[in-house]
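Data block below; observations after.
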Amino acid sequence: MRNVTNMFNRQRKALIYLTALFVLGWGFTPFKAVFLGLALGTVGAVLTHVTHARFNLRFGDAVVNGTKLRNTGFMTRVAIAVLAVMLALEYPAYISFYATIFGLITIYIVIMIDFLVFELLLPRKKRGEKDES
């Protein structure tokens, strides 16, 4: 379970850095609507990622303890995404709709990059893990 927690923490940290980068882009470039949309979408991605991480950890505990879960958090994640899109549609002069959508899917790009780096490119010994054999 520790490995999963480390993975979620790495991914959340990368998303927060991306959000900070997008906020800097909003503050210092003339593409304010695009960077604000990216920042809004990435904040939504961070929130959905935290919700998903909590569910995965609770699910693992439920499997170990033999109990059932009440919900999966799906509606919460959908509501966060819908709220971000509604804000982008309500204020199109300030927030780019397409950038918001791209910001919402940045989590999947971060997950793929994290998987490539930590599972395929770095050997287990370099990551500090013990061999399972």
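Some values worked out for this structure:
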quantity: Given (1) more than 28 Å from Leu116 (Cβ to Cβ); (2) buried (at least 19 other Cβ atoms within 10 Å of the Cβ), number of the condition Leu15 does not satisfy; calculated: (1)
quantity: Restricting the range 70-110 to residues that are of a type in the set (Ser, Thr, Tyr) and not in a helix (DSSP H, G or I), the residue that is nearest to Gly37 (Cα to Cα); calculated: Ser96
quantity: So Ile113, is it at pLDDT 90 or above, in contact with a His (Cβ under 8 Å, 6 or more places away or on another chain) and either surrounded by 11 or more Cβ atoms within 10 Å (Cβ to Cβ) or over 23 Å from Asn6 (Cα atoms) (or both); calculated: no
quantity: Filter result for Phe118 (closer than 16 Å to Met7 by Cβ, in a helix (DSSP H, G or I), modelled with pLDDT under 90 and touching a Gly at 6+ places or on another chain (Cβ under 9 Å)); calculated: no
quantity: Looking only at the range 27-45, and only at residues there that are β-branched (Val, Ile, Thr), in contact (Cβ under 8 Å) with a residue 40 or more places away in the chain and surrounded by fewer than 23 Cβ atoms within 10 Å (Cβ to Cβ), the one that is nearest to Ile95 (Cα to Cα); calculated: Val34
quantity: Odd one out for His49 among (1) exposed (fewer than 13 other Cβ atoms within 10 Å of the Cβ); (2) within 26 Å of Asn3 (Cβ to Cβ); (3) at pLDDT 90 or above; calculated: (1)
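The values are calculated or read from the model by the stated rules, or taken from the named source; none is laboratory data. Nothing here was measured: the structure is a model prediction, and the numbers come from that model. Backbone-built Cβ (ideal geometry, glycine too); neighbour counts: all protein chains shown.
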